[in-house]
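Inspection log for the structure reproduced underneath, given as structure tokens.
The values are calculated or read from the model by the stated rules, or taken from the named source; none is laboratory data. Quantities reported herein were computed from a predicted structural model and do not represent experimental measurements. Heads up, the Cβs are rebuilt from the backbone with ideal geometry, glycines too, and the neighbour counts pull from every protein chain shown. These area figures cover heavy atoms from the full protein model, side chains too; ligands, DNA and RNA do not enter into them. Shrake-Rupley method; radii C 1.70, N 1.55, O 1.52, S 1.80 Å.
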Amino acid sequence: MKRLTIITLFSASLALVSCSQKTADERFIDNLMSQMTLNEKLGQLNLPVGGDIVSGTVKGTELDSLILSGKIGGFFNIKGVEEISRLQHLAVEQGPHGIPLLVGADVVHGYETIFPIPLALSCSWDSTAVEQMARISAIEATADGVNWNYSPMVDICRDPRWGRIAEGSGEDPYLGSVMARAYIRGYQGDDMTNDSTLMACVKHFALYGAAEGGRDYNAVDMSRENMFNYYLPPFHAAIKQGVGSLMTSFNLINGQHATSSGWLVNDVLRSDWAFNGLVVTDYGSVPEVATMGCASENDAAVVTIKAGTDMDMVSGLFVNTLEDALHRGAITEKMIDDACRRVLRAKQQLGLFDNPYKYCNRERVKNDIFNTAHREVAQQIATETFVLLKNQDELLPLKQKGKIALIGPLADAGNNMCGCWSMLCNDQLHKSLLQAMQETVDGSAEILYAQGCNIYYDETVQQNAMGLRPIGRGDDSRLHREALEVAAKADVIVAAMGECADMSGESASRADITIPDTQRDLLRKLVATGKSVVLLLFTGRPLVLDWESDHIPAILNVWFGGSEAGEAIADVIFGKKNPSGKLTVTFPRAVGQIPVYYNHLMSSHPDPQDGVFNRYCSNYIDISNEPLYPFGYGLSYTTFKYGAVEMEGNEVCVNITNTGTVEGTEIAQLYIRDKVAQIARPVKELKAYQRITLKPGETQQITFSITPDILGYYNANSDYVCDSGIFEIMVGPDSRMLQTLEYVFNQ
Ligand code: BGC
């Protein structure tokens, strides 16, 4: 009842201009909070898990009693509008003050229509496509009751051993920022009170991608210069884009837990960046603050709320220990009030106080989820994310004729097309590559199939790798033999190999990032047949492909392309679509090169890069410094010629011509180098790019503007500065093949 009175007053003021509207919103929250007890306020800070998303179980009675006693601000990990709607009704109709619930989920690259993994999405360099995928994700998730999405994941990563590299946009802060903004625009739209938009949550704050040794959850020790110039920019971009919420991370940062770091949350996020939105911890992070030695068990919640975080995911320590902490003077009531206000504000921003059931429209489930229109977009976007790493003698695209041997453990595994965050979909509905290829050729070519091998020889390692999406096991010698029999009958061999879906993502670090043993052995045998081999590489991270790049004529990296991956791969290998993806993360030559990334600093004894070992230079005795495939690299079925790069004033321009025989999309990249600065700057940094589509023979001029904001950097005081002086301006098709000009900048 009280709630309704407040809402009437509140709606009456809707016509007011936004500034006074804000005041009205704040007055509404003041009024509501004035009626809440301390325990009810603490309840708003509690975010329990609603069930097990994989098994579909729901903590029904447990959640019901939390709701009825006002000990919950929201929940996550329940799928389905029926149950979500029931719980929302319970909260609004029977919970104290009728406060609606936040309903969270990890809709990271699609809900039921699954798009490629975020690392792949970034390789499209197509922010419009990423925004579109986020829009569709929001439509589907909101149709099923979700109002809060734990995405985008914007962690920069320079270490492909870390499995969660799959969830982010690669190694570059500029591209990572472009993508972060696109995700947020797609999820939140212009208006979060709309019933098909939801609140985004940028994560994981911060430096999670720099986990030592690439081992998940591991500690990070990093200079402020490194943080501000490379790891924090995508978070800052997300805040400037208006993201509604942020999630802290699991790792230590220079000895402080990220979740309880007052410097990170209060100083950088809230004070310097003026973020006033909701901050949630990661899953069970609060007690881990104690486990990691940053507070006593008694004080884990105290230091976390003091740092400026608002909601406690899963642990229950905020709701269960902060009242006592207040009484013993460890925290102030204002800290609880501030956190509670930010949770209520998030609900208000979503329009939940006006209409708590806006995400409970069962009609939408039938029409808005996994529909043909969404799947067509997913298929189109997937084709943009594949990266053609090698294509000797134009082996690809394949003709739809003769006999094609499709071999490998990923060839007929429809359940492994989606990659890490796809627990919400029904993978029984996804075609395998074999099915999609058969449908595409429709009898004009014969597709011969053999599984060929397991993922790993060792069953235990395979089990560790496999997670929840099984691929049947057989005897490797028999499987290899069968594959060779099939290969013997074929004109060309397509090997669908690499990682299975659960080998990347959370808690999926690898020390050896080659294609696993039995698969690599089979590849060698297939190459030894003398027939042409195309490697379709499934992976959630850069792999070391030294042998493959020397011996296999064509390599198409298809990552994990989502629910429509089979069809999208068929479109590309048979030439209906021309690949245009370019790497957003460096592919090393050997694990020993890691970390290897394009925007590195200069060493004191630079390597002359003549391919020869140079004593007293910064190089290795046994291998070159150069990565196998550099950042920004990717081929096409056509070729592009860059004319001479020219500069006029602040404008850099270049003509690009499609010199091949088919239409193609090129991603032209601009890098800069600040030759002399207050702190040494990288040898190159991406600052702009353009995607252009050209018909055969067509030429287009592209222009980049050099503006002071792209020349700046964070100095040793973490101030953003821009020095007068000489800059190198580099333009080209990837981070290696660049034309360089000099540019003098005067303040
Ligand atoms: C992950 C987060 C995720 C959360 C909720 C954690 O384990 O680190 O990325 O949002 O679980 O599912």
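Just to check I understand the Karplus step: with θ = phi - 60° and J = 6.51 cos²θ - 1.76 cosθ + 1.60, what whole-Hz values come out for the range 156-163, glycine and proline as x?
Ordered by residue, 3J(HN,Hα) equals 6, 9, 10, 10, x, 5, 6, x Hz.
How many angstrom lie between the C-alpha centres of the range 521-587 and the range 263-278?
With the range 521-587 and the range 263-278 each reduced to a Cα centre, they are spaced 43 Å.
So how exposed is Arg589, as accessible area in Å² (1.4 Å probe, rounded to 10)?
70 Å²
Leaving out ligands, DNA and RNA, what percent of the accessible area of the chain is carbon and sulfur, probe 1.4 Å?
49 percent
Using per-residue counts of other Cβ atoms within 10 Å, averaged over each peptide, order 648-658, 664-674 from highest down.
Packing proxy ranking, top to bottom: 664-674, 648-658.
How high is the relative contact order of the chain, given as a whole-number percent (alpha carbon pairs under 8 Å, six or more residues apart)?
Relative contact order, the chain: 13 percent.
Quick check on my link table: of Lys403/Lys531; Lys401/Lys576; Lys577/Lys641, which ones sit more than 18 Å apart, alpha carbon to alpha carbon?
Checking Cα-Cα distances, Lys577/Lys641 exceed 18 Å.
Amide H to amide H under 5 Å from Trp148: which residues, 5+ apart in sequence or cross-chain, H placed 1.01 Å off N in plane?
Val103, Ala105, Met199
Dimensions of the range 636-745 along principal axes (Cα, Å, largest first)?
52, 24, 18
Can you grab the distance from the C-alpha centre of the range 190-237 to the C-alpha centre of the range 474-494, Å, no decimals?
Going from one Cα centre to the other spans 44 Å.
Between Glu459 and Asp546, take the C-beta separation as r, use R0 = 35 Å, and let me know the FRET efficiency to the nearest 0.05.
0.80
Whole Å is fine, so just give me how far the alpha carbon centre of the range 76-141 lies from that of the range 589-657.
Comparing the Cα centres of the range 76-141 and the range 589-657, I get a distance of 40 Å.
Taking a cut-off of 15 Å between Cα atoms, list the aspartates and glutamates near Lys399, but don't count ones fewer than 8 places away on the same chain.
Glu439, Asp442, Glu446, Asp491, Asp571
At 1.4 Å probe size, with no ligands or nucleic acids counted, give the accessible surface of Tyr283 in Å², nearest ten.
That residue has around 100 Å² of solvent-accessible surface.
With contacts defined as alpha carbon pairs under 8 Å and 6 or more residues apart, what's the relative contact order of the range 636-745 in percent?
Normalised by residue count, the contact order of the range 636-745 is 28 percent.
First select every other residue whose beta carbon is under 12 angstrom from the beta carbon of Val652; then total the charges, Lys and Arg +1, Asp and Glu -1.
So the environment of Val652 carries a net charge of -4.
Gain in length, Asn194 to Arg736, computed as 0.36 nm per residue apart minus the alpha-carbon separation, to one decimal in nm?
In short, 190.6 nm is gained.
List the aspartates and glutamates whose alpha-carbon lies under 13 Å from that of Lys390, not counting same-chain residues fewer than 8 positions away?
Result set, ordered by chain and number: Asp546, Glu548, Asp550.
Helix-only estimate, please: 222 nm mean residue ellipticity of the chain, summing -39500 (n - 2.57) across DSSP H runs of length 4 or more and dividing by its residues, to the nearest 500.
-9000 deg cm²/dmol
Tally Lys and Arg at +1 and Asp and Glu at -1 over the other residues with C-beta under 15 Å from the C-beta of Ala330: what net charge comes out?
Overall, the nearby charge balance is -2.
How would you order 208-217, 614-623 from highest to lowest mean count of nearby Cβ atoms within 10 Å?
The packing order, highest mean first, is 208-217, 614-623.
Extension gain Ser69-Thr703, at 0.36 nm per residue separation less the Cα-Cα distance, in nm?
222.1 nm
Top to bottom by accessible area (1.4 Å), largest first, where do Val676, Val683 land?
The most accessible residue leads, giving Val676, Val683.
Starting from the Kirkwood radius over alpha-carbon pairs of the range 250-357, derive D by Stokes-Einstein at 37 °C in a medium of 0.692 mPa s and give it in µm² s⁻¹.
Answer from the Stokes-Einstein relation: 231 µm²/s.
Binning at 20 angstrom from zero up to the longest distance, how are the C-alpha pair distances of the chain distributed in percent?
Using 20 Å bins, I get a P(r) of 17, 48, 30, 5, 0 for the chain.
Hey, can you find the accessible area per residue of the chain for me, probe 1.4 Å, expressed in square angstrom?
Accessible area per residue: 37 Å².
Using each residue's phi in the range 693-703, evaluate 6.51 cos²θ - 1.76 cosθ + 1.60 at θ = phi - 60° and report the 3J(HN,Hα) Karplus result to the nearest Hz, with x for Gly and Pro.
Running phi through 6.51 cos²θ - 1.76 cosθ + 1.60 with θ = phi - 60° gives 10, 10, 7, x, x, 6, 10, 9, 8, 10, 10 Hz.
Rounded to whole Å and sorted largest first, list the principal axis extents of the Cα atoms in the range 36-365.
The Cα atoms of the range 36-365 stretch 51, 49, 36 Å along the principal axes, largest first.
Provide the packing ranking of 543-554, 705-716, 63-74, i.e. peptides ordered by the mean count of other C-beta atoms within 10 Å per residue, highest first.
63-74, 543-554, 705-716
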